[in-house]
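The next block holds one structure in the form of structure tokens; read it before the comments.
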């Protein structure tokens, strides 16, 4: 190396970083021997922060802007070591660029089903997945707690840990929410806010923040979903005739999926089984075979009681059977005045339809001698 190259390398540095990888979170400025010269120009762009580390100790954090690395604008560095003009750098320092923009469309999901107690189905399991956004909120803490001396730190190196935190807090939030499984789809926004608030504390300890967290889907195990689909299908079938048609169509669909097993015969057999099942269910009580309720019997007729007026006096009440015996004994005639509750005044017994038959019944002829 010639003297001119030596002087050019020792006088000034231009320190900056441009990145197009979209997943690099921290990048260390590469400099021969980690020597930062007095008066070097440091360019920090929007969406970046620069962390200055001197002899293993964090010295300064630079926000976006253009800086001249001199003693008068680096008070923290002044307390660590005095800068000196010369061709030899008196110390070795490092500059770490931290990407403070948002890292979007990061995925999370439950590796294993979450056990919870549903108010409608009882103990059940469910899975969930979604996406989130992360950004560095405290570059100094992120560098000291997570990155260390890694010269190029990417999002993949911490995404697994973040996913674990999200799943853990999601399990706690969904178990404590008390929201029924069938209503969770309508409350994913609220659940996402609960989970984001719950993970803000652990994530802040890393110097990170989660600006957005989305729950894209919450699903039940396949067996439970199949049972729910069957229940929904029966509910949509409605009456028995519609259910018969639905069963026949289901059988034909299944037969069509298996042409090697005799499609026509399978379809006919499936249709017959479906109709037979519908016939059996029609004869049994229950939601699928409920028959129309029989009409209730008519109420029993009201038994009237009667009063009799004779010689300016009334007596009674008498039942119809008693009046029949009185008519047979001659104590009641057609001209006898009678009255029953609901009748308009006194009437002759022979004029009352209900009592007139008492005077028309004749005894059968006597047996032969």
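Every number in this text was worked out from the coordinates using simple rules, so none of it is lab data. Computed from a prediction, not measured in an experiment: that's the story for all the values here. Ideal geometry is used to build each Cβ from the backbone, glycine not excepted, and the neighbour counts take in all protein chains shown.
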Worksheet, complete the sentence: Placing each pseudo-label 7 Å from Cα in the direction of the beta carbon, residue 225 and residue 145 end up separated by a distance in nanometres of 3.7
Discussion item. I'd like the distance separating the alpha-carbon centroids of region 164-181 and region 85-162, in whole Å.
Written reply: 20
Worksheet item: What shape does region 103-220 have by the C-alpha gyration tensor, where a ≥ b ≥ c are the square roots of the eigenvalues, rounded means a/c under 1.5, and otherwise prolate means a/b greater than b/c and oblate the rest?
Response: prolate
Fill in: Potential lengthening between residue 303 and residue 107 on full extension [0.36 nm per residue; Cα-Cα distance subtracted]
62.4 nm
Worksheet item: Relative contact order for region 305-359 using alpha-carbon pairs under 8 Å, separation at least 6, rounded to a whole percent?
Response: 31
